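*Asks:* Here it is, the structure in full.
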């Protein structure tokens, strides 16, 4: 296979896997690691390491708006009489994400080699480690706290299960939406689901942005064990308006909703959605 065809095949495969992962971006997915059988020219790889270990990588995509894709290979100086273990450990890590994956190495004389593998990694992965060497894929961006305002529309959408939804305000109503423009306000609805009594409420504690992720921390406050409450079904909810003073791109919204009773956190659930933010048309 020619070099051009190899590159084309790798790019196409990368795009297919990236599209698959991005299509499921509303849920956290584990890293995809697939062995590449075709021989890839060494000139395509960048490398670093020491005299006893080398880490080589061919970066296919790393735009921070979707999964990172790259091909990784390497070798470890390991004389037979010194090292017998033919299993290496790949460590994939990032903010809120850690994965350890054992991967088989191949004996080649006095070396153990990792054959080329295609990696499709979640967008929040920042580091990949092998043989004690660490590859920095992205520099962690500083957290930026975002302004938000609690709103009370004349008609509040009701959700019968706990979760979240994204809206745009139209007159006094809120309508589901996924596409926004820079400077526009996105409405984020946090829903506690159907509750058997009154006394439930939702508070939004903070909204912060890390790169192309918007994180919302909220609390579902439950009535105290000895509280007097109305005996009727209720649907606690909170809708906040967040100005999108951000760069254009695809953003992931992550809600962390902690259920609290009498000051004790009973559980924390995470919900995600995605939006696109574009430049306003003239």
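*Asks:* Going out from 0 in 10 Å bins, what whole percent of all Cα-Cα distances in region 149-220 drops into each bin?
*Replies:* That works out to 16, 49, 31, 5, 0, in percent per bin.
*Asks:* Please give the peptides 163-169, 114-120, 268-274 ranked by average Cβ packing (other Cβ atoms within 10 Å per residue), highest first, as a rough proxy for protection. Don't jump to the answer; show the numbers that get you there.
*Replies:* Details: 163-169: 17.9, 114-120: 20.6, 268-274: 15.1.
Top of the packing list down: 114-120, 163-169, 268-274.
*Asks:* Please work out the FRET efficiency for the pair residue 104 and residue 260, using the Cβ-Cβ distance as r and a Förster radius of 45 Å; give the result to the nearest 0.05. Write out the running numbers ahead of the final one.
*Replies:* Details: r = 46 Å, r/R0 = 1.02.
According to the calculation, E is roughly 0.45.
*Asks:* Would you please give the FRET efficiency between residue 129 and residue 233, computed as 1/(1 + (r/R0)^6) with r the Cβ-Cβ distance and R0 = 41 Å, to the nearest 0.05? List each step's numbers first, then the result.
*Replies:* Values: r = 50 Å, r/R0 = 1.23.
Computed FRET efficiency for residue 129 and residue 233: 0.25.
*Asks:* Here's another thing I want to ask about it. Mind jotting down the distance between the C-alpha centroids of region 98-116 and region 174-249, whole Å?
*Replies:* 46
*Asks:* How many nm separate the modelled label positions at residue 170 and residue 226, each set 7 Å beyond the Cα in the direction of the Cβ?
*Replies:* According to this spin-label approximation, the distance is 5.0 nm.
*Asks:* Give the relative contact order (percent, whole number) for region 158-272; include only Cα pairs under 8 Å separated by 6+ residues.
*Replies:* Numbers: 258 pairs, mean separation 32.5, N = 115.
Dividing the mean separation by the residue count of region 158-272 yields 28 percent.
*Asks:* Can you give the Rg to Rh ratio for region 144-278, taking only C-alpha atoms and Rh from Kirkwood?
*Replies:* Working: Rg = 15.3 Å, Rh = 15.5 Å.
Looking at region 144-278, the ratio lands at 0.99.
*Asks:* On full extension of the chain, what length is gained from residue 77 through residue 62, given 0.36 nm per residue of separation minus the C-alpha to C-alpha distance? Walk me through the intermediate numbers first.
*Replies:* Working: separation 15, 0.36 × 15 = 5.40 nm, distance 2.99 nm.
Difference between extended and current length: 2.4 nm.
*Asks:* If I model a spin label as a point 7 Å beyond the Cα along the Cα-Cβ vector, how far apart are those points for residue 281 and residue 145 in nm?
*Replies:* 3.8
Read-outs: derived from the displayed coordinates by stated rules, not from any lab. From a predicted model like this one, the values you see are computed outputs, not experimental measurements. Reconstructed Cβ throughout: ideal geometry from the backbone, glycine too, with neighbour counts over all protein chains shown.
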